[in-house]
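*Asks:* Here it is: the structure, laid out below.
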Amino acid sequence: MNHHATSQIILRKELYAIVGAAIEVLRGLGHGIHEKPYERALAVELRLRGLHYEQQPAFDITYKDVKVGEYTPDLVVLSKIIVDTKVIDRITDHERGQMLNYLKITRLPVGVILNFRYARLEWERLVLTD
């Protein structure tokens, strides 16, 4: 865990900026609608806040060095943070496991799951540890 501590601290500010943008989106749209509008509104909010992002960039999924598919995250912020927008009952080990797999595929350091189901934003940060 220790060798990852520095990257976590480096990205803490960026992470809180993303969460702040998500809270603003939740305030603006209200809770519990479909995932896509939250993803799109978050892109708008990130742009307004000057946070560089890519929407739906494609990453190769390989098996034994052979490309077997593609993974397309909702958003990648600052080329480092995978952002997954959800409207679910709660964030569970299923979503955590998915995000860790996404981090493995993309080799990006940090992922954040944002849940827009309720009036109060639920979010979790995940990092890959060896």
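Every number in this text was worked out from the coordinates using simple rules, so none of it is lab data. If you're wondering where the values come from, they're calculated on a predicted model, not measured in any experiment. Here the Cβ is made from the backbone with ideal geometry for all residues, glycine too, and neighbour counts use every protein chain on show.
*Asks:* Pop out the ³J(HN,Hα) list for region 37-46 in order, Karplus 6.51 cos²θ - 1.76 cosθ + 1.60 with θ = phi - 60°, rounded to Hz; leave Gly and Pro as x.
*Replies:* x, 5, 4, 5, 5, 5, 4, 4, 5, 4
*Asks:* I'd like to compare 62-68, 24-30: which one has the highest average count of other Cβ atoms within 10 Å, and what's the full order after that?
*Replies:* Values: 62-68: 7.9, 24-30: 15.6.
Per-residue mean Cβ counts within 10 Å order the peptides as 24-30, 62-68.
*Asks:* Could you please report the charge total around residue 25, scoring K, R as +1 and D, E as -1 over all other residues with beta-carbon less than 10 angstrom from its beta-carbon?
*Replies:* -1
*Asks:* Still on this structure: Please turn the phi angles of region 104-116 into ³J(HN,Hα) values with the Karplus equation 6.51 cos²θ - 1.76 cosθ + 1.60 (θ = phi - 60°), one per residue in order, whole Hz, x for glycine and proline.
*Replies:* 4, 4, 8, 6, 8, x, 9, x, 10, 9, 10, 10, 9
*Asks:* Take the Cα atoms of the chain, find their three principal axes, and give me the spread along each one in whole Å, biggest first.
*Replies:* Rounded to whole Å, the extents work out to 44, 32, 28 Å.
*Asks:* Can you return the lysines within cross-link range of residue 86? Criterion is Cα-Cα under 21 Å, with same-chain partners fewer than 8 residues away left out.
*Replies:* Filter leaves 36, 104.
*Asks:* Each residue of region 70-78 in order: what ³J(HN,Hα) in whole Hz does its phi give by Karplus 6.51 cos²θ - 1.76 cosθ + 1.60, θ = phi - 60°, with x for Gly and Pro?
*Replies:* 9, 10, 10, x, 4, 9, 10, 9, 6
*Asks:* Something else: Which residue, chosen from 113, 92, 15, occupies the Cα position most advanced towards the positive end of the dipole of the chain, where the dipole is computed from +1 (Lys, Arg) and -1 (Asp, Glu) charges on Cβ about the Cα centre?
*Replies:* 15
*Asks:* Okay, next question. Please name which of 48, 26, 58 has its Cα lying farthest along the dipole of region 2-127 towards the positive end, using unit charges on Cβ (Lys, Arg +1; Asp, Glu -1) and the Cα centre as origin.
*Replies:* After comparing all options, I get 48.
*Asks:* On to the next question. Magnitude of the Cβ-charge dipole of region 2-127, K/R +1 and D/E -1, about the Cα centre, nearest 20 debye? Numbers along the way, then the final one.
*Replies:* Values: 18 positive and 16 negative charges, 54 e Å.
Once rounded to the nearest 20, the dipole reads 260 debye.
*Asks:* Of the listed peptides 71-77, 15-21, what is their order by residue-averaged count of other C-beta atoms within 10 Å, with the highest listed first?
*Replies:* Packing order, densest peptide first, comes out as 71-77, 15-21.
*Asks:* How far is helix 2-29 tilted off the main Cα axis of the chain, in degrees rounded to 10, range 0 to 90?
*Replies:* Here the helix axis deviates by roughly 30 degrees.
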